[in-house]
Every structure is written in C-alpha cells, then in structure tokens.
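The values are calculated or read from the model by the stated rules, or taken from the named source; none is laboratory data. In this text the structure is predicted, and so the values were computed from the model without any measurement. Heads up, the Cβs are rebuilt from the backbone with ideal geometry, glycines too, and the neighbour counts pull from every protein chain shown. The area values use the complete protein model at the heavy-atom level, side chains included, leaving out ligands, DNA and RNA. Shrake-Rupley method; radii C 1.70, N 1.55, O 1.52, S 1.80 Å.
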Amino acid sequence: MGLGRLNDKVAIITGAASGIGKGIAELFVEEGAKVVIADINAEAGEQTAAGLGDNARFRKTDVTSEEDVKGLVDYAVTEFGRLDIMHNNAGAFGARGSALEIDGDAFDFTFQLLVKSVFLGMKYAGQVMKEQGSGAILNTASISASTPGYGPHIYQGAKAAVLQLTKTIALEFAEYNVRVNCISPGGVYTPLIGGALGVDEDATAEIAKGMAKILPMNRVGTPLDIARGALFLCSDDAAYITAQNLTVDGAEGTGKKYDQQGVH
Ligand SMILES: NC(=O)c1ccc[n+]([C@@H]2O[C@H](COP(=O)([O-])OP(=O)(O)OC[C@H]3O[C@@H](n4cnc5c(N)ncnc54)[C@H](O)[C@@H]3O)[C@@H](O)[C@H]2O)c1
C-alpha cells in the first residue's frame, strides 16, 4: 500500500513492459497514479497493464516513431484527461562491437532508439505540459553516460547525449513549471543485460549473484531501487528540482575502493 504520493497524477512510462520500466509502473500505480504503459512488445505490455488493474493502460508504441510518440501522448490525454509525468525509459544496448567495425546504420538505429526517442517524448509531453502549466519529465540515462566501461560504445555516447538534452531542455521548460530530470541506474539484471549476454533469466540471475560480491554494497540494483528514485523526481517532493541527474547505483560507478593499508 502506497502513501498516495502520485494521487491524481497521470503518467506515461515507455519501455514499461519489462525490467526497470515495469518496476516503475508498479510503484507509480501503488502511489496513486494512472499509468500508460508504452512498449513495442504488445504481449508483455498488455500483460503488465492487466496485472496493474483499472489504473493502467497499454499503448503499443515504437518510441523511434514520431507518429507513435505523438499518438501515445494524445492517447494518455484522451484516456485520463491530462499528463503529469512522462518517463522516457525504453531502450536496449543497440550496436555492439569494435569501433573499427560498427556500421553507420547500426549507429543510427542506436541513436534513434536511445536519443531521438527521448527527444520526441520531451517534445510532445512538453507541448501538453506547457499548456497545463505543470509537469515532470524523466529520462533514463545510465552510469555509462558519464563513466566509460558500463556499456557498448554507441550506447555510452547516446546516454551522454540524453544527459545533455535533459539539461538544455529543462532550461527551456523551466518557466512553464515543467521539470526535466534524468535518472542513471547502475547494473540492474533485467532482460536488457541477459539479452546482451545471450542468456536466459535464470542465467542472468546467476551472473547477478556473482556481480553482487564485487559491488560496494554487496548486492546488485533492482527495478524497485530505480523506481524509488523515479518516484521522488516525478512527485511534488521534487517541485524545485530540475535539470538534474540522479545516480542510483549503490556507488558502482564511483570508482575503486582504496585499500587503506595499501600504497596505491
Ligand atoms: N538494466 C540496466 O543495468 C540498466 C542500466 C542503466 C540504464 N538502463 C536503461 O534503463 C532502461 C530500461 O532498461 P531495462 O534494463 O529495464 O531493459 P528491458 O529490456 O528489461 O526493458 C526495456 C523495454 O523497452 C522496450 N523497447 C525496446 N525498444 C523499444 C522501442 N523501439 N519502442 C518501445 N519500446 C521499446 C522493450 O520491449 C522492453 O520492454 C533503458 O533505457 C536502459 O538503457 C538499464
């Protein structure tokens, strides 16, 4: 049972059929929001929405399509009468491999999936929120946006672009009382990571157990950890917080712990 921190708010969450987005949709509904789950995977999206009851809807959306994203925002407003929260979260690793070999089309696809999608979400949600005089936009970046070593090349570049777009568009939207922030998860062992490694859910869980041993807090992050950060940024508790990036990674991306007995 939630505390009603999102009572009367209408939210869109992209990529909410799975992983982090799904965890956010669950917490937002628990906190009183009406949520539109947007995803390219209709089967999983319908299932997630059905599991959340009357306050959730599913809308099939390809976030790289301008027509789809515009249609998604229109759908939320028609269905629930307003739009308070837009979380641009959908994503995947995209192009992988050596920089000597990645082809231009794979680069374009990755930037469309991770950057153009976020821009389109901000554009169409921003239009409604400006008119309304309020709103909170949240973009999912990653610790790989600022520290190399946590994802493929193009993914890292795309996530860095998400950080900067968040800040510049936050400055434009600030006078409309529309806040724009970013959340940067560390490793969360969702299908995104399993898929990239080519392993199933059980094997992903095993890998997560191994990772936990070398992480600062001796555990990996969960969708709920990220959802709690997203809840704060999207709620009125964060009314004067905009253009910020909240890292939720248990210090995974902070650096190496110094051996206090050692010399280096
Ligand atoms: N899992 C991690 O360790 C991690 C770390 C940092 C950042 N992130 C970011 O978090 C976000 C969510 O990742 P996740 O780990 O939950 O992955 P996930 O694979 O569990 O979920 C991603 C969802 O996005 C959807 N999607 C993919 N392409 C789409 C498209 N074109 N249109 C609409 N939906 C689409 C997928 O169908 C899926 O449901 C991504 O932006 C990812 O880059 C994840």
Requested in this report: Helix by helix through the chain, keep the DSSP H runs that span 24 Å or more along the axis on Cα and average at least -1.0 on Kyte-Doolittle, and give those back in order.
Outcome: 153-173
Query raised in the report: What percent of all Cα-Cα pairs in the stretch 112-256 falls in each 10 Å bin, counting up from 0?
Result: 12, 37, 33, 15, 3
Report task. Report the full-extension gain for the segment E131 to M217: residue separation times 0.36 nm, less the Cα-Cα distance, to one decimal in nm. Result -> 26.6 nm
Query raised in the report: Of the accessible area of the stretch 132-204, with the probe set at 1.4 angstrom, what percent is carbon plus sulfur?
Result: 53 percent
Report task. Loop sites only, by DSSP: take the trypsin sites (Lys or Arg not before Pro) in the chain that have at most 10 other C-beta atoms within 10 Å and name the longest stretch containing none of them. Result -> 1-212
**Report entry** Heavy-atom surface of the chain, accessible at 1.4 Å and reported per residue (Å²)
**Finding:** 50 Å²
**Report entry** Calculated FRET value between A239 and E201, using beta carbons and R₀ = 35 Å, to 0.05
**Finding:** 0.35
Query raised in the report: Roughly how many whole Å is it from the C-alpha centroid of the stretch 115-137 to that of the stretch 68-90?
Result: 9 Å
Requested in this report: Figure the gain on full extension for F109 and H264 (residue separation times 0.36 nm, minus the Cα-Cα span) and round it to one decimal in nm.
Outcome: 51.6 nm
Query raised in the report: Between A174 and S65, what is the label-to-label distance in nm when each label sits 7 Å out along the Cα-to-Cβ direction?
Result: 3.7 nm
Query raised in the report: With a Cα-only, solvent-free Debye model of the stretch 92-151, what are the log10 I(q)/I(0) values at q = 0.18, 0.23, 0.28, 0.29 Å⁻¹?
Result: -0.76, -0.99, -1.18, -1.21
**Report entry** Positive minus negative residues near L165 (Lys, Arg vs Asp, Glu; Cβ under 14 Å)
**Finding:** +3
Query raised in the report: What is the projected area of the convex hull of the Cα atoms of the chain, averaged over all directions, in nm²?
Result: 15.5 nm²
Report summary line: Evaluated at 20 °C and 1.002 mPa s, the Stokes-Einstein D of the stretch 9-143 based on the Kirkwood radius over Cα pairs, in µm²/s, stands at 143 µm²/s
